[in-house]
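Report on one structure; see the data block that follows.
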Amino acid sequence: MRLAAVDVGTNSTRLLVADVDGDRILDQLDREMVITRLGRGVDRTRRFEPASLRRTLEVLGDYAERCRRLGVEATRVVATSATRDATNREEFLGGVRERFGVDAEVLSGDQEAATSYLGAIHDLEGEERTLVIDIGGGSTEFIIGNHDPEAMLSIDIGCVRLFERHLASDPPAPGEVAALRADVREHLGKVFGVLDPSTARMVIGVAGTVTTITALTLGLELYDPQRIHHAAISAAGIHDTAERLVAMTIAERAALPVMAKGREDVIAAGGLVMDEICATFGFDRMIASESDILDGVLLGLSRRIAGPS
């Protein structure tokens, strides 16, 4: 069956169209990411800015047209952290309904975590105990389990939220970086009350922060999803990349060949989050995955259509 998944995050708006058979993604026909920054300012105002909302709905209109052109049989649209926080979300939800003819699902933190886990592990072999970490624009999710998620937590330390809170200077001042790191460490303390990261045999990071930091740490000249997917990068490499990014201006980061347009301002904050996660939990490496919540949204739709097994 030809299905479409749309993930509207705090920083990016993404589309996946694929032929799916049960829990198997057979053939990807379209996969697209546009940084629309729907969550700009939401941490401070708890409202979507008109320009961000308009830009996001324009991209969604293009995605809806692509789905029609590709003969998509069913579509699922989800929204995450920024939409959970925004008091004027109904304008966004109405725009989704108008373009796709379906209601967007505003995922709770736990639903977002479970969906990320499904996407990240669906193409892994075996059932090693795995911790999946999804570093988004508004929040970061931690999910641990053996094939199926056993415990999960969503905390508000996304790269957009932290950039807007702390990194006012360009490049960031040392005091701003220290304040961001302290903020992250305080939030990471909540993880121990829900799950034990040390029990994981494998640590997988997903989403644009992780894949971009991986590309930079690997020294790629171009963003290459095939080389990034399931690449392992050391904690030392993550630390060096984060430190290099905070020393650069936004313009210098934008000039990096692997940098997606629109990610250059928040990527330093994301790198610092990765660095603090590795330091706090004693991880010596992290494995990057190009499969993430978007794949989980698609597989969840397939399961919903199939019904109870």
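Before moving on, here are some points about what is shown:
- Per residue, in Å², the accessible surface of the range 1-70 once ligands and nucleic acids are set aside, probe 1.4 Å: 45
- FRET E, pair Ile250, Arg46, Förster distance 30 Å, beta-carbon r, rounded to 0.05: 0.70
- Whole-Å distance, taken between Cα centres, linking the range 88-158 and the range 276-301: 11
- Divide the volume of the convex hull around the Cα atoms of the chain by the residue count and you get 124 Å³ per residue.
- Here the relative contact order of the chain, from alpha carbon pairs under 8 Å that lie six or more residues apart, stands at 21 percent.
- Rolling a 1.4 Å probe over the protein heavy atoms leaves Glu128 with an accessible area of roughly 80 Å².
- Per residue, the range 81-230 exposes an accessible area of 42 Å² to a 1.4 Å probe, with every protein chain left in place.
- Stretchable slack from Arg185 to Ala236, in nm (0.36 nm times residue separation minus alpha-carbon distance): 16.6 nm
- Ranking Phe142, Phe192 by solvent-accessible area of protein heavy atoms (1.4 Å probe, all protein chains present), from largest to smallest, gives Phe192, Phe142.
- DSSP beta bridges fully contained in the chain are about 65 percent antiparallel.
- Dipole moment magnitude, nearest 20 debye, the chain about Cα centre, only Lys, Arg, Asp, Glu C-beta charged: 700
- When Thr75, Thr130 are compared by accessible area at a 1.4 angstrom probe, the order from most to least is Thr75, Thr130.
- The stretch between Ala151 and Gln28, if pulled fully straight at 0.36 nm per residue, gains 41.3 nm over its current Cα-Cα span.
- Binned Cα-Cα distances of the range 49-103, short to long, each 5 Å bin given as a whole percent: 4, 18, 31, 25, 14, 7, 2
- Residue (of Gly137, Val194, Ala51) at the positive-pole extreme of the chain, dipole from beta-carbon charges: Ala51
- Taking Cα centre as origin and charging only the Cβ of basic (Lys, Arg, +1) and acidic (Asp, Glu, -1) residues, the dipole magnitude of the range 89-177 rounds to 300 debye.
- Arg304-Asp19 pseudo-label distance in nm [points 7 Å out on the Cα-to-Cβ vector]: 2.4
- With DNA, RNA and ligands ignored, accessible area of Leu301 (1.4 Å probe; Å², nearest 10): 10
- Value of D in µm² per second that Stokes-Einstein yields for the range 1-160, Kirkwood Rh from Cα pairs, at 20 °C (1.002 mPa s): 132
- Computed lengthening from Thr199 to Ala168, 0.36 nm per intervening residue step minus Cα-Cα distance: 7.4 nm
- Ratio of the Cα radius of gyration of the range 232-274 to 2.2 N^0.38 Å, where N counts its residues: 1.09
- Computed from backbone phi with θ = phi - 60° and the Karplus coefficients 6.51, -1.76 and 1.60, the 3J(HN,Hα) list for the range 210-219 is 5, 5, 6, 4, 4, 4, 5, 5, 6, x Hz; x is used for glycine and proline.
- Rounded percent of accessible protein surface that carbon and sulfur make up, the chain, 1.4 Å probe: 48
- When Thr56, Thr249 are compared by accessible area at a 1.4 angstrom probe, the order from most to least is Thr249, Thr56.
The values are calculated or read from the model by the stated rules, or taken from the named source; none is laboratory data. This structure is a prediction, so every number in the text was calculated from the model and none was measured. With ideal geometry, Cβ positions are generated from the backbone for all residues, glycine too; neighbour counts draw on all protein chains shown. In case anyone asks, the SASA skips ligands and DNA or RNA and just uses the protein heavy atoms, side chains included. Shrake-Rupley method; radii C 1.70, N 1.55, O 1.52, S 1.80 Å.
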